Every structure is written in C-alpha cells, then in structure tokens.
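What follows is a single structure, written as structure tokens, with notes after it.
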Amino acid sequence: MDYIVSGGNKLYGELPVYGAKNCALALLGATTLTDEEIVLTNCPQIVDVQNMLQLLQTLGKKVWRVGDVVGVSGALNTTIVTTPLASLIRGSVLVMGSILAKYGQVELPLPGGCAIGSRPIDIHLDGLRKMGVDVCEQDTQVVCIGKPRCVTYKLRFPSVGATQNLICASVLSNGKTVLKNCAIEPEIVALERLLINMGAKISGVGCSTVTITGVSSLHTATANVIPDRVVTATYLASVVCAGGKVTLTNCNPHHLRSFLQLVSANFSTKVYKHEIQVDVTTKASSYGVVQTAPYPYFPTDMQSLLLSMSCYARGQTTIVENLFENRLLHNASQLNKMGGNVVVDGRVATINGSTLVGADVFARDLRGGAGLVVAGLGAQGQTHVHDVEHIHRGYANLAQNLNCVGAKIHTVN
Ligand code: EPZ
C-alpha cells in the first residue's frame, strides 16, 4: 500500500492523540504474569498491538477487544513462542521475563535484526543469567530454564526492553532484586504502575535504580495506556513542515519535553496539561546540534521527524544518532531524492535546509516512513510514499487523521 501526499496544504484544527504502541506492548507482555484478567483502556488499534494479542492468544491467553479497550486473561498452555509468531512482532521478546517468572521456562526465537539495527538482546540474557536462569542460545532460538532468583544487577546500558523484561522477571522471585541503570522512559513507569496495581512490590518507580521484592502471585488490574509521545511529535512535525495551526488533545507534553523545546524555540507554541497548540507561520532558523539518547533526552524514535523538519529550516542542523546504527542513511537518501541536502557520515547527519519537491520515496521502517509522510506535507507537488504497511505497525489511520486537519493524502493499494 502507498500514500500519495499532495504538499502545500496548511493544517488547521484539532487532533486527538491515542495510546502509545510501546506502552501497550509492554503492558500486554506483563499479562502473562497472572491468570486473572488484565484490562487496558486507550489501547491503540494498530498492527503491532493486534499481532501481540494474536501471539498471546496462541500461547493460550483469552483475549477480547471492544474499541480501544482490551482484556487478557487465562493461563498459558505453552511457554514456547514459535518462529511464525515471533516474526509477527519484535515485541515478542517482551513476554520472556514474565513467562519465566510465572512458569520457570520459556523458549523463543532470537529476535533478528531489523531495518534500524542489529537489535541484540544480550543485556536481557545477561541479567537473566545473573538471576540464576539457565539461558541457552542456539542458532535462532533462546531457551531459558529456571525461576529467576533475587539479585543486584546493573544494566550496562539503560535498555528499554531489557529493563521491562528484568523487572517482570523479578516480581515473583524469592526476595529483593535491585536493578541499576534502568531505562526511565514513560512506558517503563506505566509498566511499573501496572505491576504495582497487580500486587507487585516495586520501589524506585521512574528511577534508574528499581527495587523489586518478590510476591507469591499477582492479580487482576486495569491500566490506561499512556498517550503516544511519538505520534504527538509526528503531528507536531506535520504542522512544522506544512504550516498552519493545530491543537493536539489527549496528549502528555511532559513526555516529549526535548522535542517540544526545539519546536517552541522556533514557533508559537502553547502547552497545557493534556494539550499542545502550535502555530507555524514562518520557517525555523535551524535546530542546532541534536543528539539522540535515552529518556529524557532526544528520543531516537523522533529522529526521522527532525530529519524532515530540518530540510525546511533556513540554516544547518546536525543530528547524531547514538542508539541505532542504521537509522539515518535510508531516510537521508529518500529526502535527497526530494531535493534535500542531507549528508550522512556514520552516525552524524548534516542537513542544510531549504525546501523539498515531491518524489517517489520508500518507507523502510515504522518511524522512517512517518518521517517521509511528514516531509511530503510541506513539499512542492506530490510525494509518493511506497510501502506504508511499515507505518501501520505503529500509527492508527495516519493519513485519515492528517486529512481531518487539511492534509491531502490519498491511499493507493
Ligand atoms: C524500544 O526498543 C522501543 N520499542 C523502540 O521503539 C525504541 O527506539 C527503543 O526502545 C529506544 O527508546 C519498543 O518499546 C517495542 P533498547 P528496545 O533495548 O527495547 C542496544 C519504535 O519504532 N541494546 O532501549 O529494543 C540496542 O541495540 C521502536 O517504536 C543492546 O545492545 O530498545 C540499541 O542500540 C523502534 N543489547 C540500544 O541498546 C540489549 O540487550 C537501545 O535499545 C538491548 C539493547
């Protein structure tokens, strides 16, 4: 499926933000810690969440969905995640710690690399080994046997997924686990809060040192999926590139402070508790030098958006991608097809802004694809964005939502 984006249409109106993919996936992974029902509200209707629900169902969980409310319950009838399932969703690794904690064994395919980088899970596995789990890495599978035991463990890097897995692995252990150098992303805080609501004993919520005191079992709970900070940034980037005045609702500005700083430094921006209004009537000067880093610094998931925004700035912007080794080059090449001036040297992109002209471009991953749509909104003429299935993994109705505020994007199958 492709999008044809007709540039030059300013955006006006109001756009609601929905639940975060990366929060929903983490919370769904935690449902395997109990047989009782976990209900998630504000759960986004996107492909990755649908695939995660299918994965849970195939492991034995009962799943229901009514609109943006999802329920998961029941016991697993297997702890083996087969390859076809795991290929559905990279987030399958997010059930590893939970299944181990409850069942004492799990087998799953090693999540292969993807377009943005090699995506290793060595930190996940090293932490589990330090918890006394027998971890056997075969060529494409990893087999873990043994209930995780309490430990003090420092992550060598604040990996989001490893933090999620190791916290979940600890909640049913035999004592006190102290995890140091944890990721502190909002999605981690949401997971910690759900686990506490399920009966887990966790202190240090939102901190880099988290202490978990194991309990015998966890119980039913309900959680509201936090607003998607990357979708919020995508909508803001759309207005920056196209021009106009848009109010975003149901969002959490605090979760994208680093991105908002760049926007408000260049455009009239009003920030409220759950709303952001941006009014774009001019070009940005430049965004300076921006380094991606773990939260609360500039998120790698917003890097492709800034790359596109920088192509419309008057001056030079430098972006350093410190997390994923292959997350700059492809979009740079596509933006240059649109007349952009993006030079990439290793992990550093230098962008001299001006304007863009519509062209044939190809989405290669989720956030990169969104960046190309955003670039097309401000371009002269039409931009044909191919392979937008990548975008549907993490965005619900991106084209329709942007069209509601004046974009002209039509879908071609
Ligand atoms: C999560 O991925 C997100 N995905 C990613 O969003 C996001 O880009 C990333 O966190 C960073 O914020 C989900 O939450 C489902 P990491 P994750 O472990 O957990 C290295 C999107 O588009 N690393 O924090 O896989 C890794 O290679 C996706 O929504 C190891 O070396 O990210 C990377 O360089 C893309 N060994 C860095 O750490 C490990 O064991 C950050 O990875 C684990 C990670």
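The values are calculated or read from the model by the stated rules, or taken from the named source; none is laboratory data. Nothing here was measured: the structure is a model prediction, and the numbers come from that model. Here the Cβ positions follow ideal geometry from the backbone for every residue, glycine too, while neighbour counts run over all protein chains shown.
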TODO: Have a look at G214, G161, G175, G199 and point out the one that is over 18 Å from I121 (Cβ atoms) and in contact with a His (Cβ under 9 Å, 6 or more places away or on another chain).
DONE: G199
Task: the stretch 149-184, subset away from the ligand (no atom under 16 Å from the Cβ), of a type outside the set (A, V, I, L, M) and buried (at least 22 other Cβ atoms within 10 Å of the Cβ), residue farthest from the chain's Cα centre (by Cα) - done: T177
- [ ] Within the stretch 218-226, identify whether any single residue is touching a residue at least 60 places away in the same chain (Cβ under 8 Å), touching a Ser or Thr at 6+ places or on another chain (Cβ under 9 Å), surrounded by 16 or more Cβ atoms within 10 Å (Cβ to Cβ) and not aliphatic (A, V, I, L, M), and answer yes or no.
- [x] yes
Open item on the list: I'd like the full set of residues that are among the aliphatic types (A, V, I, L, M) and within 9 Å of the ligand (Cβ to nearest atom), limited to the stretch 290-309.
Closed with: none
- [ ] Just one of (1) crowded, with 23+ Cβ neighbours inside 10 Å; (2) within 14 Å of the ligand (Cβ to nearest atom) trips up L323, so point out which.
- [x] (1)
TODO: Please find, among N322, N266, the residue that is in the same structural domain as G381 (by TED's automatic domain parsing), within 22 Å of the chain's Cα centre (by Cα) and assigned to a loop (DSSP other than H, G, I, E, B).
DONE: N322
TODO: For L108, state whether it is aliphatic (A, V, I, L, M), within 21 Å of L195 (Cα to Cα) and surrounded by 21 or more Cβ atoms within 10 Å (Cβ to Cβ).
DONE: no
TODO: Looking at (1) more than 14 Å from the ligand (Cβ to nearest atom); (2) over 16 Å from L402 (Cβ atoms), find the lone condition where F259 falls short.
DONE: (1)
TODO: State all residues of the stretch 111-148 that are of a type in the set (A, V, I, L, M, F, W, C) and either part of a strand (DSSP E or B) or within 10 Å of the ligand (Cβ to nearest atom) (or both); if no residue qualifies, say none.
DONE: C114, A115, I116, I121, I123, L125, V135, C136, V142, V143, C144, I145
Open item on the list: Among the residues that make up the stretch 263-276, is at least one of them crowded, with 17+ Cβ neighbours inside 10 Å, in contact (Cβ under 8 Å) with a residue 40 or more places away in the chain and hydroxyl-bearing (S, T, Y)?
Closed with: no
Task: Entirely in the stretch 150-261, the helices (runs of 4 or more DSSP H) that have 1 or more residues that are not assigned by TED's automatic domain parsing to the domain that holds Q45 - done: 229-242
Open item on the list: I'd like to check something: does the stretch 396-407 contain any residue that is crowded, with 19+ Cβ neighbours inside 10 Å, touching a Gly at 6+ places or on another chain (Cβ under 6 Å) and part of a loop (DSSP other than H, G, I, E, B)?
Closed with: yes
Open item on the list: Condition first: of a type in the set (S, T, Y), part of a helix (DSSP H, G or I) and either within 16 Å of the ligand (Cβ to nearest atom) or touching a strand residue (DSSP E or B) at 6+ places or on another chain (Cβ under 8 Å) (or both). Can you find one or more residues in the stretch 67-88 that meet it?
Closed with: yes
Task: Of all residues in the stretch 356-395 being more than 16 Å from the ligand (Cβ to nearest atom) and assigned to a loop (DSSP other than H, G, I, E, B), the one that is farthest from V5 (Cα to Cα) - done: L356
Task: Residues that are more than 12 Å from the ligand (Cβ to nearest atom), modelled with pLDDT of 95 or more and assigned to a helix (DSSP H, G or I), drawn from the stretch 16-52 - done: A30, T31, T32, L33
Task: Index of the failed condition, V374 passing every other in (1) touching a Cys at 6+ places or on another chain (Cβ under 8 Å); (2) free of Cβ contacts under 8 Å to residues at least 24 places away in the same chain - done: (2)
